Amino acid sequence: MSLAIDDPTPSAPACADDGTWLACIECEETFAPFEAVRYTCDECDGLLEVRYANPPTFEDFGEGADSEGPDRGVWRYREALPFDLGVTLPEGGTPLHRVPRIEEAVGVEALRIKHEGMNPTGSFKDRGMTVGVRVAKELGVDALACASTGNTSAALAAYGGRGDMQTLVLLPKGKVAAGKIAQASLHGARILEVDGNFDACLDIVQELAARGEVYLLNSLNPFRLEGQKTIGFEILEEFHADYGVYPDRIVLPVGNAGNTSAIYKGFRELVQSGALDPEDVPKLTGVQAEGAAPMVEAIEEGADEVRRWEQVETRATAIRIGNPVNAPKALPGIRNTGGTAIAVSDVEITAAQRHLAVEGVGVEPASAASLAGLKKLRRQGVVDDDERVVCLTTGHLLKDPDAAYEAGGDPEPVPNDVDAVLKHIRG
Ligand SMILES: Cc1ncc(COP(=O)(O)O)c(C=O)c1O
Ligand SMILES: [Zn+2]
């Protein structure tokens, strides 16, 4: 398998459609992108990735692009995507917050927070869905499905609804935050609660997809990752505009390792086109919860494969995942960029969630794992004090109101009387 940072630009095989095709990352078999529904390689069942004969340069983005289209968000990067526009709400264009007090407390040269919770349904999943649902239309399918720890189901329901398609979501019973179920429900998905964890839900929905019952829109679907790679493009452009350099490191929460894979893929494409020096690619640094850390285990042990954890537990339910399906793409992403992976406790996650929240940045627990991981890596001396770092926060605080309520202070009951209220405040 070759997912080196400086792989040469691939030449288009005969099956390519307008310079775009699918390739197996294990055996290099290639497939036409839209002639049939396909999630993995026909030959070896390896993961597929979307390839382009013309990888993008920074000049291709936004105003410099040839075709007319949106000037912000995911579709600003249309030259790096299989289509010029998808079913859009619109998504992307999220803030890269300055957090000077956290930056000082952590002790790094620069720290910015890329808040993906500011997407239309409150998580980064929207970036993948806008592309995935567009591809579903191209393929002519009308029943969309996913397994989800919550956010994917909210995004699928919203984008499927907008695209006038049926949506089915499989959720682990009792383990999905309230805000996410509310979204999936109101946006019109049919919700099935499975008596098992996320990995069991994914096993079932993959089988339903294999039997042709539904079109799978988990991050196993390579087109989802195309939308998500734009997170990396935005970070590079915005960071460079402010500092004149690219960040040294991007720290992100890891569940199925879709974002890790997607951001790495985007950077490889910029290296292929000559737009980005391999030396300038940020170190991808993954963070998992201690109770669900199979990727961290693989990185620590130098293993080529990730061992599936059957029992997983964490209050960061979005990353309560024991079998990261994108590991074969994400492990090279972490290793080839000189990054690492680290596990953090639920207590550390909650502390980071509070730390961000008092700076006005409201994120759900899984998102706060990135800052918790950065703090731990600083304490361990793995991250240097001269590093410029971006932490990715993947979902909004309101996604998990119960966790937010528990992490925050309790409301104080007072009588319905001004003097009594004043006495209470002063006391
Ligand atoms: C809020 C949040 N953060 C992180 C993740 C994990 O992302 P990935 O599967 O890309 O590693 C998820 C996925 O469910 C999520 O909802
Ligand atoms: Zn293959």
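Key figures for this structure:
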{"item": "Output for segment 100-114, where each listed residue is surrounded by 19 or more Cβ atoms within 10 Å (Cβ to Cβ) and either over 16 Å from R249 (Cα atoms) or charged (D, E, K, R) (or both)", "result": "I102, R112, K114"}
{"item": "Residue check for G92: more than 14 Å from ligand 1 (Cβ to nearest atom) and at positive phi", "result": "yes"}
{"item": "Residue check for Q353: of a type in the set (S, T, N, Q), within 23 Å of G196 (Cα to Cα), modelled with pLDDT of 95 or more and in the same structural domain as N259 (by TED's automatic domain parsing)", "result": "no"}
{"item": "Residue within segment 396-412 that is under 27 Å from G107 (Cα atoms) and touching a residue at least 60 places away in the same chain (Cβ under 8 Å) present", "result": "yes"}
{"item": "Some residue of segment 150-164 being buried (at least 22 other Cβ atoms within 10 Å of the Cβ) and not in a helix (DSSP H, G or I)", "result": "yes"}
{"item": "Answer residue from segment 203-231, given it is touching a residue at least 40 places away in the same chain (Cβ under 8 Å) and of a type in the set (K, R) and is farthest from ligand 2 (Cβ to nearest atom) among those", "result": "K229"}
{"item": "Helices (runs of 4 or more DSSP H) completely within segment 338-407 that count 3 or more residues being within 30 Å of E301 (Cα to Cα)", "result": "346-357, 365-379"}
{"item": "Near pairs, Cβ below 6 angstrom, 6+ apart or cross-chain, from segment 34-60 (within 18 Å of L208 (Cα to Cα)) to any residue that is acidic (D, E) and surrounded by 15 or more Cβ atoms within 10 Å (Cβ to Cβ)", "result": "C41/E29"}
{"item": "Only one of A36, A12, A32, A4 that is surrounded by fewer than 19 Cβ atoms within 10 Å (Cβ to Cβ), among the hydrophobic types (A, V, I, L, M, F, W, C) and in contact with a Gly (Cβ under 7 Å, 6 or more places away or on another chain)", "result": "A12"}
{"item": "The one condition in (1) surrounded by fewer than 16 Cβ atoms within 10 Å (Cβ to Cβ); (2) part of a helix (DSSP H, G or I); (3) among the hydroxyl-bearing types (S, T, Y) that Y77 fails to fulfil", "result": "(1)"}
{"item": "Restricting segment 334-371 to residues that are over 30 Å from V271 (Cβ atoms) and surrounded by fewer than 18 Cβ atoms within 10 Å (Cβ to Cβ), the residue that is nearest to ligand 2 (Cβ to nearest atom)", "result": "S345"}
{"item": "The one condition in (1) closer than 24 Å to A275 by Cα; (2) acidic (D, E); (3) more than 14 Å from ligand 2 (Cβ to nearest atom); (4) touching a residue at least 60 places away in the same chain (Cβ under 8 Å) that D18 fails to fulfil", "result": "(4)"}
{"item": "Checklist (1) more than 16 Å from ligand 2 (Cβ to nearest atom); (2) more than 21 Å from P365 (Cα to Cα); (3) in contact (Cβ under 8 Å) with a residue 40 or more places away in the chain; (4) not hydroxyl-bearing (S, T, Y) applied to E193, failing item", "result": "(3)"}
{"item": "Checklist (1) closer than 28 Å to C391 by Cα; (2) in a loop (DSSP other than H, G, I, E, B); (3) within 16 Å of ligand 2 (Cβ to nearest atom) applied to L48, failing item", "result": "(2)"}
{"item": "Residue match in segment 104-115 (condition: in a loop (DSSP other than H, G, I, E, B), within 30 Å of A368 (Cα to Cα), away from ligand 1 (no atom under 15 Å from the Cβ) and among the hydrophobic types (A, V, I, L, M, F, W, C))", "result": "yes"}
{"item": "Scan of segment 27-38 for residues that are assigned to a loop (DSSP other than H, G, I, E, B) and over 17 Å from R268 (Cα atoms), ordered by number", "result": "C27, E29, A32, P33, F34, E35, A36, V37, R38"}
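The values are calculated or read from the model by the stated rules, or taken from the named source; none is laboratory data. For clarity, every value in this text was computed on a predicted model and none was experimentally measured. All Cβ positions, glycine included, derive from the backbone under ideal geometry; neighbour counts span all protein chains shown.
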